[in-house]
Amino acid sequence: MSRRRRKGEGRGRLSAIDMLPEIAGPDIQWAVDELIASQRPQTEILAEFNERLAAIGLGPISSSAFNRHSLRIAATTRRMKETQEVTRAITDRLGPDSGDQMTVGLAVLLKQAAWDLAEQGRLDPENVMFLSRSLQAVVGAQKTSADVRRAAQAEMQKKLDQAADAFEKVAGEKGFSAETVEAIKARILGVAS
C-alpha cells in the first residue's frame, strides 16, 4: 500500500522525464525552454520532444507525464517572475546608489531559496537553472545600473569641463586675473586645476 507524501517529506516519486538518462539532457532542456517561451502549443512541443527522444533511442513520454512536467515548470516560472517583480519594486524604492547592497541581499535570498528547495527535496535541475538565471539577472542589472551611472557621470564631467573652458575664455576676454578665474571655478563649478 502506498503512502501519500506529505509536504517537505522527500522528493517523492520520480517522473518519467526525471528518469530519462543523461543523454536526454539537452532535449529536456530544449523542451523546458520551449515551454517557458510559451510560443507553441504544448502538444506540438511534446510531439517534437518525443521525436528527439526517438532519435536517441528512447521511448515516448506520455502526454499526462509531460503535462505534469509542464505544470511544475509553469509554477516555478510563476514564482520566479513574482520574485523578480518584488525585487524590481524593492530596487526602485531603494534607488540606484544601493545596487551593491541589493545584489548581496538578493544573492543571500537566492541561496536561502536553494536551501529551502533542497530541504523539501525539490532542488532539481530546473530549480537550479531558475535560481542561477535569477542571480545572473541580478548581477546583470547591477552592471547595467553601474554602466548607466558611469556614463551619466562622464557626461556630467564633460559638461563641467566645457563650462570651465568657456568660463576661462570669457574671463580672459574680460581681463580677470588667473587667480580670480581659479577661485571662481573652484567655488562655482567645483573644478580645481
Which of the residues belonging to the stretch 57-66 are over 12 Å from residue 32 (Cα atoms) and under 33 Å from the mean Cα position of the chain (by Cα)?
-> 61, 62, 63, 64, 65
Search result, residues across the stretch 175-190 that are assigned to a loop (DSSP other than H, G, I, E, B) and at pLDDT 80 or above = 175, 176, 177
May I ask you to say which residue of 17, 45 is of a type in the set (A, V, I, L, M, F, W, C), assigned to a helix (DSSP H, G or I) and surrounded by 15 or more Cβ atoms within 10 Å (Cβ to Cβ)?
-> 45
Can you tell me which residue among 148, 128 is farther than 20 Å from residue 117 by Cβ and either out of contact with any strand residue (DSSP E or B) (no Cβ under 6 Å at 6 or more places or on another chain) or among the aromatic types (Phe, Trp, Tyr) (or both)?
-> 148
Whichever residue in the stretch 88-108 is crowded, with 16+ Cβ neighbours inside 10 Å and at pLDDT 70 or above and, among such residues, is nearest to residue 147 (Cα to Cα) = 103
Looking at the stretch 142-182, which of its residues are more than 22 Å from residue 103 (Cα to Cα) and among the basic types (Lys, Arg)?
-> 158, 159, 169, 174
Out of 27, 116, which single residue is farther than 27 Å from residue 143 by Cα, in a helix (DSSP H, G or I) and either at pLDDT below 85 or touching a His at 6+ places or on another chain (Cβ under 6 Å) (or both)?
-> 116
In the stretch 48-64, anything part of a helix (DSSP H, G or I) and surrounded by 12 or more Cβ atoms within 10 Å (Cβ to Cβ) is listed as 48, 49, 50, 52, 53, 63
Which numbered condition trips up residue 134, out of (1) buried (at least 16 other Cβ atoms within 10 Å of the Cβ); (2) in contact (Cβ under 8 Å) with a residue 60 or more places away in the chain?
-> (2)
Taking the stretch 138-187 as the region of interest, how many residues are over 30 Å from residue 107 (Cβ atoms), in contact with a helix residue (DSSP H, G or I) (Cβ under 9 Å, 6 or more places away or on another chain) and in contact (Cβ under 8 Å) with a residue 12 or more places away in the chain?
-> 9
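The values are calculated or read from the model by the stated rules, or taken from the named source; none is laboratory data. What you see is a predicted model; the values in this text were computed from it and never measured. A quick note on method: Cβ atoms are made from the backbone with ideal geometry, for glycine too, and the neighbour counts reach across all protein chains shown.
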